[in-house]
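Q: One structure is given below, represented as structure tokens, and several questions about it will come after.
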Amino acid sequence: MGMEMWMWVIMALTGASRAADECSWKGSGLSQPEQSVEQVFLRCSEGSVEFLYPTGALRLTLLPRLPGHRVGGAAGTPSSVCIKPEPQWGGAQLYLERGGVLELLVSDPPGPARIHCFSLAPGESTALFLQATPHSDISRRIAAFRYELRGDWMPQISVNTVDDDLDREEGACRPCNDTEMLMAVCTSDFVVRGNIRAVEVDPGQRVSVIRVSTTRVYRQKWPVFSSVGRRTHSGEIRTLLRCGVRAGSGSFLFTGHAHFGEAWLTCAPRYKDFLRVYERAKQDLQIPCTLDT
């Protein structure tokens, strides 16, 4: 019996349903029958799932409330969904359920630690299917992962994506043009001015890690950059390895998004270049938002 048919058979055997706490779910397979499928609804843009002693299965429906967009909605831009398994993963396999077809995301045992991303077009219905795998001893097995959904940006990561368009997005490594530079100041999760201390390569994750010493933190939605002095912060920013980022002297304006607690680069113009573009747009009354320069 194929995986798709098995899923629908066991779903027909149970009407079990439980609401999560809107964002996350934590439960034990010891409290449900081995051949049951529990329905879980997740209504946030990010959260976590922790399945202790996995038995049976979970069907996780993603129903996030994103500003100006909703997954499965009729309007808006495509959303991106990313899954990050916890290091202790074991006892279950995770599938993407889309259009009645299952795509394996995380196996048991899992492969190398990777983030799994896929895109969702407006009007598309999707769910995650977490099925326990047979084990004689489930006492130490935990299937746990974190998820993020975004409607306003596509994550610039290339590790083990389900949809190749996230990996092959055209222009992912090109410098931002003037308009993109100005908009990044308004829409990014972090906006900081600083210098590059070093660039380290992580070939396993195919990313470059930019170590930054900041002289000004304009905005950060999450504490990505920590204080190391009265006026100085430090932090790390990631970008695709294939972009070939190298250390450079001078002051830069770094903008980007937080992704599973990590900073990912969007634009990094030299500060003097940004200032020139910003002042010209300000004189022309064409700045989308202001920055205390």
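The values are calculated or read from the model by the stated rules, or taken from the named source; none is laboratory data. Keep in mind that what you see is a predicted model, and the values were worked out from it rather than measured. Positions of Cβ are generated from backbone atoms using ideal geometry, with glycine treated the same way; all protein chains shown enter the neighbour counts.
Q: Just the residues that are within 24 Å of residue 146 (Cβ to Cβ) and not charged (D, E, K, R), please, taken from segment 255-274.
A: 255, 256, 257, 258, 259, 260, 261, 263, 264, 265, 266
Q: Still on this structure, please answer the following. Which count do you get for residues in segment 237-293 that are in a strand (DSSP E or B) and acidic (Asp, Glu)?
A: Here the count works out to 1.
Q: How many residues does segment 213-226 hold that are crowded, with 18+ Cβ neighbours inside 10 Å, under 22 Å from the mean Cα position of the chain (by Cα) and more than 17 Å from residue 260 (Cβ to Cβ)? Give the steps one after another, and end with the answer.
A: From segment 213-226, those crowded, with 18+ Cβ neighbours inside 10 Å are 214, 217, 220, 224-225; that's our starting set.
Add one more test, that the residue is under 22 Å from the mean Cα position of the chain (by Cα), and what stays is 220, 224-225.
Now drop any that are not more than 17 Å from residue 260 (Cβ to Cβ), which leaves none.
Residues in segment 213-226 being crowded, with 18+ Cβ neighbours inside 10 Å, under 22 Å from the mean Cα position of the chain (by Cα) and more than 17 Å from residue 260 (Cβ to Cβ): 0 in total.
Q: Next question, about the same structure. For residue 180, indicate whether it is outside any loop (DSSP other than H, G, I, E, B) and without any contact (Cβ under 8 Å) to a residue 12 or more places away in the chain. Explain how you work it out, then say what you get.
A: Numbers: outside any loop (DSSP other than H, G, I, E, B): yes; without any contact (Cβ under 8 Å) to a residue 12 or more places away in the chain: no.
No.
Q: Here's something else I'd like to know. Please tell me if residue 227 is polar (S, T, N, Q), under 18 Å from residue 190 (Cα atoms) and touching a Gly at 6+ places or on another chain (Cβ under 8 Å).
A: Against the criterion (polar (S, T, N, Q), under 18 Å from residue 190 (Cα atoms) and touching a Gly at 6+ places or on another chain (Cβ under 8 Å)), residue 227 does not qualify.
Q: Moving to a separate point now. Please go through (1) buried (at least 16 other Cβ atoms within 10 Å of the Cβ); (2) closer than 24 Å to residue 223 by Cα; (3) among the hydrophobic types (A, V, I, L, M, F, W, C) for residue 277 and return the number of the only condition it doesn't satisfy.
A: Failing condition for residue 277: (2).
Q: Confirm whether residue 51 is modelled with pLDDT of 65 or more, in contact with a helix residue (DSSP H, G or I) (Cβ under 7 Å, 6 or more places away or on another chain), under 29 Å from residue 258 (Cβ atoms) and not in a loop (DSSP other than H, G, I, E, B). Lay out the reasoning, then the answer.
A: Details: modelled with pLDDT of 65 or more: yes; in contact with a helix residue (DSSP H, G or I) (Cβ under 7 Å, 6 or more places away or on another chain): yes; under 29 Å from residue 258 (Cβ atoms): yes; not in a loop (DSSP other than H, G, I, E, B): yes.
When the stated conditions are applied, residue 51 passes them.
Q: If you don't mind, another one. Looking at segment 241-255, I want the residues that are within 12 Å of residue 213 (Cα to Cα) and have a partner that is among the polar types (S, T, N, Q) and surrounded by fewer than 16 Cβ atoms within 10 Å (Cβ to Cβ) with Cβ atoms under 9 Å, at least 6 apart or on another chain. Which pairs are those?
A: Pairs that qualify, where the first residue is within 12 Å of residue 213 (Cα to Cα) and the partner is among the polar types (S, T, N, Q) and surrounded by fewer than 16 Cβ atoms within 10 Å (Cβ to Cβ), are 251/215.
Q: Just checking, does segment 110-121 include any residue being assigned to a strand (DSSP E or B), crowded, with 18+ Cβ neighbours inside 10 Å and at pLDDT 90 or above?
A: Checked segment 110-121: no residue is assigned to a strand (DSSP E or B), crowded, with 18+ Cβ neighbours inside 10 Å and at pLDDT 90 or above.
Q: For segment 233-266, enumerate the residues that are of a type in the set (Gly, Ala, Ser), surrounded by fewer than 22 Cβ atoms within 10 Å (Cβ to Cβ) and under 23 Å from residue 115 (Cα atoms).
A: 244, 258, 261
Q: Continuing with the same structure: What do you reckon, is residue 81 touching a Phe, Trp or Tyr at 6+ places or on another chain (Cβ under 6 Å), modelled with pLDDT under 90 and either surrounded by 16 or more Cβ atoms within 10 Å (Cβ to Cβ) or assigned by TED's automatic domain parsing to the domain that holds residue 132 (or both)? Step through it out loud before you land on a result.
A: On the way: touching a Phe, Trp or Tyr at 6+ places or on another chain (Cβ under 6 Å): yes; modelled with pLDDT under 90: yes; either surrounded by 16 or more Cβ atoms within 10 Å (Cβ to Cβ) or assigned by TED's automatic domain parsing to the domain that holds residue 132 (or both): yes.
Spelling it out, residue 81 is indeed touching a Phe, Trp or Tyr at 6+ places or on another chain (Cβ under 6 Å), modelled with pLDDT under 90 and either surrounded by 16 or more Cβ atoms within 10 Å (Cβ to Cβ) or assigned by TED's automatic domain parsing to the domain that holds residue 132 (or both).
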